[in-house]
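Colleague: Please read through the structure below; I'll follow up with questions.
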Amino acid sequence: MTDFLTLPERSPKPRTTGITHVLDKGLGPSQVQDLLAVAAGSIDIVKLGWGTAAVTNNLPAKVAAYQERGVPVCLGGTLLEVVLKQGKLEDYVRWVKGLGIDHVEVSDGTIALDHDEKLAVIKRLTKDFTVLSEVGSKSENVIFAPKRWVMMIEKELDAGAWKVITEGRESGTVGVYHADGAVKEGLIDEIRDAIDPGQLVFEAPGKKQQVWFIKHFGSDVNLGNIAPEEVISLETLRLGLRGDTLLHFH
Amino acid sequence: MTDFLTLPERSPKPRTTGITHVLDKGLGPSQVQDLLAVAAGSIDIVKLGWGTAAVTNNLPAKVAAYQERGVPVCLGGTLLEVVLKQGKLEDYVRWVKGLGIDHVEVSDGTIALDHDEKLAVIKRLTKDFTVLSEVGSKSENVIFAPKRWVMMIEKELDAGAWKVITEGRESGTVGVYHADGAVKEGLIDEIRDAIDPGQLVFEAPGKKQQVWFIKHFGSDVNLGNIAPEEVISLETLRLGLRGDTLLHFH
Amino acid sequence: MTDFLTLPERSPKPRTTGITHVLDKGLGPSQVQDLLAVAAGSIDIVKLGWGTAAVTNNLPAKVAAYQERGVPVCLGGTLLEVVLKQGKLEDYVRWVKGLGIDHVEVSDGTIALDHDEKLAVIKRLTKDFTVLSEVGSKSENVIFAPKRWVMMIEKELDAGAWKVITEGRESGTVGVYHADGAVKEGLIDEIRDAIDPGQLVFEAPGKKQQVWFIKHFGSDVNLGNIAPEEVISLETLRLGLRGDTLLHFH
């Protein structure tokens with residue numbers, strides 16, 4: 001391999017920082033095998049985005065394929081939001097356990113959910129699952145003050161969330177981003193002053209967003225909603241092997 | 001499955017409404033199998049876009065793979081436009097029949113074709129194939145009045161078209177869309193007043209476009225030019241399992 | 001096949017003009033097989049983009065898969081830029097030879113490299129490899145005068161480069177393009193007046209860019225950084241089988 005080159009340090013798997021959290025929005029069996037063959041060493045968790053798990057024809061086989069290679073599978077938060085709207089939390093728990101899935105996401109990006117109620121859901125789910133909670137709205141029109149971001153993140157970690165995800169969507173245009181995809185830098189700075197970034201996963205689907213976080217937090221920043229076809233590219237950005245970060249690291 | 005949730009009604013396959021019409025612009029054998037494994041229940045017809053069929057190395061195997069799973073294959077209209085320009089309609093018919101393909105698209109998005117001549121082509125092809133005709137130009141600069149859209153659609157249905165497709169291209173920036181991808185809402189309203197939407201397939205490659213049509217026409221609207229990797233996402237939009245339509249349905 | 005149609009002439013493989021140069025930024029084993037099954041006849045060289053080769057888990061198998069089908073593999077220039085920054089050129093040569101790769105790219109899109117030194121690297125590498133050199137910066141802010149482009153291209157060809165690539169990146173927004181992706185037409189005209197276009201490969205990831213080059217240079221223009229999923233589309237553009245070039249050729 002290229003061990004004649006000096007590259008930035010990267011935590012080895014299983015990692016608690018430097019996590020690459022991948023968005024699967026409908027990959028087929030060969031695509032899953034391809035992703036694992038090329039990049040298993042760079043993938044820490046796969047999210048079956050929003051409610052895709054409910055309409056995926058081959059769900060049990062997909063879950064097994066990831067887990068056999070040591071990659072945990074997480075269900076998207078939007079599915080749980082529908083479940084909460086319909087008051088079916090315990091049915092959901094049974095269904096997820098039946099699938100052998102051990103990571104779930106708790107979000108309120110679309111539905112209106114009292115924060116104490118969200119914390120109660122997080123607490124309930126930590127009994128059976130590793131919980132990733134998510135802060136931030138999926139609407140461009142809902143904007144939280146930085147102090148409210150910090151307060152919600154702290155309370156969700158206290159309630160038992162393993163990591164808290166900062167919202168960006170598949171598009172990277174809401175939550176911690178302006179509508180044009182630019183990072184809300186002041187917001188991130190305030191969050192960073194209060195919270196250990198190792199406890200956060202920043203959704204960062206766009207290359208410019210990934211570059212920004214790597215330059216500001218280092219190679220081992222936790223990044224989420226990474227498209228499967230961008231996993232290898234992200235790994236090169238973390239190591240200074242793409243033009244965008246080459247001069248930052250070398 | 002998630003039968004503990006109440007979801008919007010969806011017609012079962014084979015459907016005449018609620019159709020998802022997928023654009024294949026060069027998928028390989030494993031990609032076709034992946035698409036069918038994950039989403040066969042959500043796919044009603046696959047179009048081999050524009051003239052891709054003429055340069056696809058493995059065409060007969062691709063056609064067979066779809067048909068074995070009950071998914072009809074349709075040839076893109078642009079290929080037929082070249083055929084018409086060269087006066088080779090009967091050669092085309094023989095070639096398509098030899099491939100075992102039973103759906104063809106008749107369009108005039110690029111070439112200038114007298115509408116009576118287009119209707120004659122539709123009539124001729126209905127003898128051997130199920131015909132999808134398409135209305136609308138591929139040029140941003142060609143704009144038809146709503147009444148002309150309605151008149152052309154009605155005549156093409158009368159000529160024997162199974163469904164009429166409204167043009168959007170792969171980009172979603174022409175035909176029934178403004179150059180920025182926004183739906184021409186007044187145009188769609190006038191078409192809807194005159195034509196049963198079940199006889200139409202709206203090309204809607206963009207997520208915002210899909211969301212607009214689902215909110216205005218319901219879960220069972222016919223949508224076309226769906227990218228293979230967006231089929232599962234579209235199904236979640238139809239069922240209110242993605243943030244964009246969750247509050248509309250739940 | 002569609003031999004009843006009259007289509008523009010295309011050079012057969014192995015070609016020296018009409019080259020389609022494909023960007024692989026992390027394809028898996030099935031994706032490589034899919035690409036070859038559908039489009040091997042249209043692919044002349046595959047580049048493992050920037051430093052992706054250094055983090056691809058299954059690199060030797062990937063290289064073998066392409067080569068077995070007669071498709072040469074080339075390493076991205078950015079990886080070599082890191083190598084040059086660290087003074088490891090001979091280690092790089094040994095590593096690449098060990099992989100059985102026989103094409104390399106020499107670029108200075110990110111690092112500052114004296115042009116004489118770049119020419120010396122090209123000369124050195126021609127002893128062991130077929131060299132594609134690249135002219136142009138990856139930064140939007142670095143703009144060369146047309147005369148400097150011509151001078152650099154001529155010197156790099158003199159130094160032994162097989163072809164010179166004009167920079168466009170994966171995004172198509174730098175080098176020979178304006179930030180909005182439009183072709184710098186005056187620049188291309190000046191290059192064309194001085195250099196045989198058969199000695200150039202124009203990076204052209206966007207469809208509009210591909211259309212522009214095909215209309216100005218013909219079906220057999222050399223185009224680079226083509227996304228795998230766009231190879232078939234590009235072939236249809238070259239043959240007038242897509243709306244964008246239909247009336248140009250038919």
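Colleague: Over all residues in C:33-41, what is the mean tally of Cβ atoms on other chains that come within 10 Å of each residue's Cβ?
Modeller: 6
Colleague: Now for a separate question. If you place +1 on the Cβ of every Lys and Arg, -1 on the Cβ of every Asp and Glu, and leave all else neutral, what size is the dipole of the range A:20-249 about its Cα centre, to the nearest 20 Debye? Intermediate values should be presented prior to the final figure.
Modeller: On the way: 25 positive and 33 negative charges, 56 e Å.
In debye, rounded to 20, the range A:20-249 gives about 280.
Colleague: Could I ask something else about it? Taking neighbour counts of Cβ atoms within 10 Å as a proxy for exposure, in what order, fewest first, do B:HIS103, C:HIS248 appear? Mind dumping the intermediate values first?
Modeller: Values: B:HIS103 17, C:HIS248 14.
Final ranking by Cβ density, sparse to dense: C:HIS248, B:HIS103.
Colleague: So which GluC sites (Glu not before Pro) in the range B:1-107 end up in coil per DSSP with only 12 or fewer other C-beta atoms within 10 Å? Show your work: numbers first, answer last.
Modeller: Numbers: sites: B:GLU9, B:GLU68, B:GLU81, B:GLU90, B:GLU105; in loops: B:GLU9.
For GluC sites (Glu not before Pro) across the range B:1-107 that sit outside H, G, I, E and B with at most 12 neighbouring Cβ atoms in 10 Å, the list reads B:GLU9.
Colleague: Can you give me the distance in nm between label points at C:GLU185 and C:ALA64, each placed 7 Å from the Cα along the Cα-to-Cβ direction?
Modeller: 5.0
Colleague: OK, next. For the protein assembly as shown, with only Lys/Arg (+1) and Asp/Glu (-1) charged at the beta-carbon, what is the dipole magnitude about the Cα centre, in debye rounded to 20? Each step should come with its number before you reach the end.
Modeller: Details: 84 positive and 105 negative charges, 171 e Å.
Value, rounded to 20: 820 debye.
Colleague: Still on this structure: In nm, what does the list of distances from C:LEU247 to its counterparts in the other copies look like, shortest first, when each label sits 7 Å along Cα to Cβ?
Modeller: With the label placed 7 Å along Cα→Cβ, C:LEU247 yields 4.5, 4.5 nm.
Colleague: Select from A:LEU125, A:VAL150, A:VAL135 the residue farthest towards the positive end of the dipole of the range A:20-249; place +1 on Cβ of Lys and Arg, -1 on Cβ of Asp and Glu, and compute about the Cα centre.
Modeller: A:LEU125
Colleague: What are the distances, in nm and sorted shortest first, from the label point of A:PRO146 to the label points of the same position in each other copy, with each label point placed 7 Å from Cα along the Cα-to-Cβ direction?
Modeller: 4.9, 4.9
Colleague: Please average, across the residues of B:227-239, the number of beta carbons from any other chain that are within 10 Å of each residue's own beta carbon, and give a whole number. Spell out each step's value before the answer.
Modeller: On the way: counts 1, 3, 9, 2, 3, 15, 8, 2, 6, 13, 2, 1, 4.
Neighbouring Cβ atoms belonging to other protein chains average 5 per residue here.
Colleague: Can you give me the C-alpha center-to-center distance between the range B:1-70 and the range C:38-90, rounded to a whole angstrom?
Modeller: Taking the Cα centre of each part, the range B:1-70 and the range C:38-90 sit 33 Å apart.
Colleague: Now for a separate question. On a 25 Å Cα-Cα criterion, which of the cross-link pairs C:LYS62/C:LYS184; C:LYS62/C:LYS208; C:LYS88/C:LYS138; B:LYS184/C:LYS215 come out too long? Walk me through the numbers on the way to the answer.
Modeller: Values: C:LYS62/C:LYS184 36 Å; C:LYS62/C:LYS208 30 Å; C:LYS88/C:LYS138 23 Å; B:LYS184/C:LYS215 31 Å.
Over 25 Å apart, Cα to Cα: C:LYS62/C:LYS184; C:LYS62/C:LYS208; B:LYS184/C:LYS215.
Colleague: Still on this structure: Distance between Cα centroids, the range B:151-179 to the range C:92-162: provide it in whole Å.
Modeller: Their Cα centres are 49 Å away from one another.
Colleague: Counting pairs of alpha carbon atoms under 8 Å apart in space and at least six apart in sequence, what relative contact order in percent does the range B:20-249 give?
Modeller: Details: 395 pairs, mean separation 39.9, N = 230.
Once normalised by length, the contact order is 17 percent.
Colleague: To continue, here is another question. Using Cβ contacts closer than 10 Å as the measure, can you line up B:ILE101, C:ILE226, C:ILE195 from fewest to most?
Modeller: Numbers: B:ILE101 21, C:ILE226 24, C:ILE195 17.
So the residues, fewest neighbours to most, are C:ILE195, B:ILE101, C:ILE226.
Colleague: OK, next. Look at the axis of the rotation that sends chain A onto chain C, then give the chain A residue with the nearest Cβ and the distance in whole Å.
Modeller: Spelled out, residue of A and its Cβ distance from the axis onto C: A:SER30, 2.
Colleague: Oh, and also: Just going by the charge dipole of the protein assembly as shown, with Lys and Arg at +1 and Asp and Glu at -1 on Cβ, which of A:ILE195, A:ILE19, A:VAL221 is farthest out on the positive end?
Modeller: So the residue we want is A:ILE19.
Colleague: For a footprinting-style exposure proxy, rank B:THR166, C:THR126 by other Cβ within 10 Å, fewest first. All intermediate terms of the calculation are to be shown ahead of the outcome.
Modeller: Numbers: B:THR166 24, C:THR126 16.
Least crowded to most crowded, the residues run C:THR126, B:THR166.
Colleague: Now for a separate question. Under the convention of a label 7 Å out along Cα→Cβ, give the distances in nm from A:LEU99 to the same position in every other copy, shortest first.
Modeller: 3.7, 3.7
Colleague: Looking at the range A:107-204 only, what percent of DSSP beta bridges run antiparallel? Nearest 5 please. Please report the intermediate quantities before stating the final value.
Modeller: Working: 1 of 8 bridges.
Of all bridge pairs located within the range A:107-204, approximately 10 percent are antiparallel.
No value in this document is a laboratory result; all are computed from the given coordinates. All values reported here derive from a predicted model rather than from experimental measurement. With ideal geometry, Cβ positions are generated from the backbone for all residues, glycine too; neighbour counts draw on all protein chains shown.
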